[in-house]
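Here's the structure we're looking at; comments come further down.
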Amino acid sequence: MNSSFATIRAPAPATTVDAMGQATHSGTAAAGITLHTEGAVATLVIDLPQPKNSFRTENAQALGAQLDAALAGGARCVVLRGAGPVFSAGWDISSIDPAGDDPMAMIGQVVGPLCRKLRELPVPTLAAVAGPALGFGFGIALCCDLVLAEEGALFGSPFRHIGMVPDTGAHHHLLSRIGFARASELIYTGRLVSGTEAAALGLINRAVPAGSLLAEAQTLAAGIASGPTRAFALSKEVLLDGGDFDAMLAHEARQLKQVFATADLHEGIQAFQQRRKPAFTGR
C-alpha cells in the first residue's frame, strides 16, 4: 500500500512561550499545522509545504493532534484558517496511487476520525476561509460549526475532474445546507462558488470584504468564547443528533472503494500528474 495512507501516527505538539509570555503550541515543522492561543481562543493555522496547502496523511493527523492540544490548553473556541491567501485546495493528488492505496483505510483511519473530531469538538469551531477551500479543504471547513469567508473565496469539491467521489462528509454538508438539486449540480459540474454566493446559498454563514476576515473571525470567536460554552456544547450535541453523519461517511467510503477500481480515476490521476486534460469514458 502507498505510504501516503499507510503510516497512521500523530505527531506530538511542542509548546513554546511567545514574547508576551503566552503559551503557544506548534506542530512539527513537517506537519505544517500551528496552534496559537489568545485568551480563550485557539487558532489553528494550516501552513503546509505542499502547493496551496494541500494535505497529506501526516498533515491531517497533525491537525487532529493540535485540536487535542487546543482542548488540553483550555480553549473555549477554536478558529481554523489557512496561512496567507489560501485555506486549502484539498488533498495532495500527486501523493495518491489508485492502484495501491486503500480508500477504506484512508477514510477509516485518517479522514473519518478527523472529520468526526472537528464536528464533535466540545467547544465551538469557526473556519475563516480566504482563497480556495476545495475537496478535502472544503470538507474540513464545513465540518466546523461556523464558516466565515472572504467574498472572493472559492468553495467546492471539483472531484468530477479526476473521476473521484467527494469525501469528508461533503454529500451530507451539501444536502443538508443547500438541498438535493443544488448539491447535485455542484457535484456533477464541479462548479466552484465564491464566498458571496456560498453565503447567499446558505452554504456558509457570512462573506466579508477582503482584508477584514481575520479581524471579523477573531471578534466573533472571542465573543463566543466568552459565552456559556458548556451550554453551547450541550446544544451542539442536540444539533448533531439531527443528522446521520456517520452513515454518510460510511457510504462515501464504500463508494470510494468502488471508484478506485474505475478507469476514469486512473485516467484522472494520470492526467493531473502529466498536466493534461483527462479523457473520461464513464468506465
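Rule-based calculations on the coordinates, nothing more; no lab input. Note that the structure is a prediction, hence the values are computed from the model and not measured. Virtual Cβ from ideal backbone geometry, glycine too; neighbours counted across all protein chains shown.
Ranked by the mean number of other Cβ atoms within 10 Å per residue, highest first, peptides 246-252, 37-43 order as 37-43, 246-252. Going by neighbour counts of Cβ atoms within 10 Å, the residues E185, E58, E267 line up, fewest first, as E185, E267, E58.
Just rank V129, V45, V86, V111, fewest to most, by other beta-carbon atoms within 10 angstrom. Write down the numbers at each step before the final one.
On the way: V129 30, V45 20, V86 23, V111 27.
Ranking V129, V45, V86, V111 by Cβ neighbours within 10 Å, fewest first, gives V45, V86, V111, V129.
By the beta-carbon count within 10 Å of each Cβ, the least crowded to most crowded order of F55, F272, fewest first, is F272, F55. Over the residues of the chain, the helix contribution to mean residue ellipticity at 222 nm works out to -12500 deg cm²/dmol, using -39500 (n - 2.57) for each DSSP H run of at least 4. Comparing L175, S194, I204 along the charge dipole axis of the range 164-283, the residue lying farthest to the positive side is S194, per the Cβ-charge model. What's the angle, to the nearest 10 degrees (0 to 90), between helix 229-240's Cα axis and the longest principal axis of the chain? For helix 229-240, the angle is close to 20 degrees. Of all DSSP beta bridges confined to the chain, the antiparallel ones make up roughly 40%. Among T229, T125, T168, which one moves the most in a GNM of the chain with springs linking Cα atoms closer than 10 Å? In this elastic network of the chain, the residue with the biggest mean-square fluctuation among T229, T125, T168 is T229.
Shape class of the range 189-248 from the Cα gyration tensor (axes a ≥ b ≥ c, square roots of the eigenvalues): oblate, since a/c reaches 1.5 or more and a/b does not exceed b/c. Considering only alpha-carbon pairs that sit under 8 angstrom and 6 or more positions apart, the relative contact order computed for the chain is 17 percent.
Taking the Cα centre of the chain as reference, the dipole from Cβ charges on Lys and Arg (+1) and Asp and Glu (-1) amounts to some 340 debye. Other residues whose C-beta falls under 12 angstrom from the C-beta of Q273 contribute a net charge of -1, scoring Lys and Arg +1 and Asp and Glu -1. Output the 0 to 90 degree angle, nearest 10, between the alpha-carbon long axis of helix 57-72 and the longest principal axis computed from the alpha carbons of the chain. Helix 57-72 sits roughly 20 degrees off the main axis of the chain.
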